[in-house]
Amino acid sequence: MRLLGAAGLDMLDGWQPAPRGALALMLVVTGVPHFLPSWRRDFVAMFPVNVLAARRGLALAGKPVTPLLARAALQVLFVAAAVAVAV
């Protein structure tokens with residue numbers, strides 16, 4: 001954790017503060033499109049396209065996209081992380 005301290009990020013040193021920081025960053029990244037209308041259309045359009053790509057078994061850069069079940073599991077993980085840092 002010396003690297004975090006050297007970067008001035010001592011506040012992320014621990015099991016609960018680190019996910020809090022990650023969750024805050026994730027919320028900032030997903031929240032930006034709400035205030036930038038030019039980004040909103042593209043960001044909202046991602047969800048149905050991701051579902052479609054997973055259902056059709058498409059590939060990105062030659063690699064298959066993440067299956068829908070794995071995507072759903074990741075969403076559960078993100079919600080669980082949000083609950084864990086809120087408690």
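For region 71-87, which residues satisfy the criterion of being assigned to a helix (DSSP H, G or I) and without any contact (Cβ under 8 Å) to a residue 40 or more places away in the chain?
Of all residues in region 71-87, those assigned to a helix (DSSP H, G or I) come to 71-86.
Listed by number, the residues that qualify are R71, A72, A73, L74, Q75, V76, L77, V79, A80, V83, A86.
Only one of L68, L27 is modelled with pLDDT of 75 or more and touching a helix residue (DSSP H, G or I) at 6+ places or on another chain (Cβ under 8 Å); which? Give the derivation first.
Details: L27 fails: touching a helix residue (DSSP H, G or I) at 6+ places or on another chain (Cβ under 8 Å).
L68 is the lone residue from the list that is modelled with pLDDT of 75 or more and touching a helix residue (DSSP H, G or I) at 6+ places or on another chain (Cβ under 8 Å).
Can you pull out the residues in region 13-24 that are open to solvent by 90 Å² or more (accessible area, probe 1.4 Å) and either at pLDDT 75 or above or part of a helix (DSSP H, G or I) (or both)?
Within region 13-24, R20 is the sole residue that qualifies.
If you take the residues of region 43-87 that are surrounded by fewer than 10 Cβ atoms within 10 Å (Cβ to Cβ) and among the charged types (D, E, K, R), which of them is nearest to W15 (Cα to Cα)?
K63
The values are calculated or read from the model by the stated rules, or taken from the named source; none is laboratory data. The model shown is predicted, which means the values in this text are computed figures rather than measured ones. Backbone-built Cβ (ideal geometry, glycine too); neighbour counts: all protein chains shown. Remember, those area values only see protein heavy atoms, side chains included, never the ligands or the DNA or RNA. Shrake-Rupley method; radii C 1.70, N 1.55, O 1.52, S 1.80 Å.
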